[in-house]
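The values are calculated or read from the model by the stated rules, or taken from the named source; none is laboratory data. Because the structure is a prediction, the values reported are computed rather than measured. FYI the Cβ positions are ideal-geometry reconstructions off the backbone, even for glycines, and counts take in every protein chain you see.
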Amino acid sequence: MSKTAMTAVFAALVAAAAPGAYAQTSTAPATRAALTTHIIQSDEVRASKMIGSSVYDVQNRNIGKVTDLILNKNGTVDAVVLDVGSFLGMGGKYVAVPLADIKSDNNRLTLDRSKEQLQQMAAYQLENPDTGAGSTTSPPTGGHLGR
């Protein structure tokens, strides 16, 4: 076979394979959801602004303060921890409510529960003495929390 014929066959093979290779890379499923906007929206709340904020009931009474946000291993918020019943940092307890229960109303946080209902809930422990969870930050190179 001549050099010209081999070059033509090689070019034909490359041309035939190129659309298939392109289709394979362009139809691969995305592993992450792409952000559609690059600015905070009116229905979003920053965690740094949420922590420390007062929470109000539907009668406009202050029923507690956001102490922490609990993230699961997938990075989504499992619970919002509220400090209820304390006065000057004493006498209260922590309770956990689902993030979906807290609403943002006129740039403040509201919850459709009374202070009495929250005080009757089981106390939430921010640290687990059995596993060490909640007592340390994540290790810089991976591994288990608290070990």
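Quick check on my filter: what residues within region 122-134 are over 15 Å from I70 (Cβ atoms) and over 23 Å from the mean Cα position of the chain (by Cα)? Within region 122-134, P129, D130 qualify.
Per-residue answers, yes or no, for (1) in a loop (DSSP other than H, G, I, E, B); (2) at pLDDT below 50; (3) surrounded by 10 or more Cβ atoms within 10 Å (Cβ to Cβ):
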site: A18; (1), (2), (3): no, yes, yes
site: P29; (1), (2), (3): yes, no, no
site: A34; (1), (2), (3): yes, no, no
site: H38; (1), (2), (3): yes, no, no
site: Q41; (1), (2), (3): yes, no, no
site: E44; (1), (2), (3): yes, no, no
site: S48; (1), (2), (3): no, no, no
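Among the residues making up region 95-110, those that are at pLDDT below 95 and assigned to a strand (DSSP E or B) are I102, K103, S104, D105, R108, L109, T110.
The number of residues in region 74-121 that are within 20 Å of V58 (Cα to Cα), surrounded by fewer than 18 Cβ atoms within 10 Å (Cβ to Cβ), without any contact (Cβ under 8 Å) to a residue 40 or more places away in the chain and touching a helix residue (DSSP H, G or I) at 6+ places or on another chain (Cβ under 8 Å) comes to 1.
Could you tell me whether G52 is in a strand (DSSP E or B), under 23 Å from S114 (Cα atoms) and in contact with a strand residue (DSSP E or B) (Cβ under 7 Å, 6 or more places away or on another chain)?
Details: in a strand (DSSP E or B): no; under 23 Å from S114 (Cα atoms): yes; in contact with a strand residue (DSSP E or B) (Cβ under 7 Å, 6 or more places away or on another chain): yes.
The answer is no for G52.
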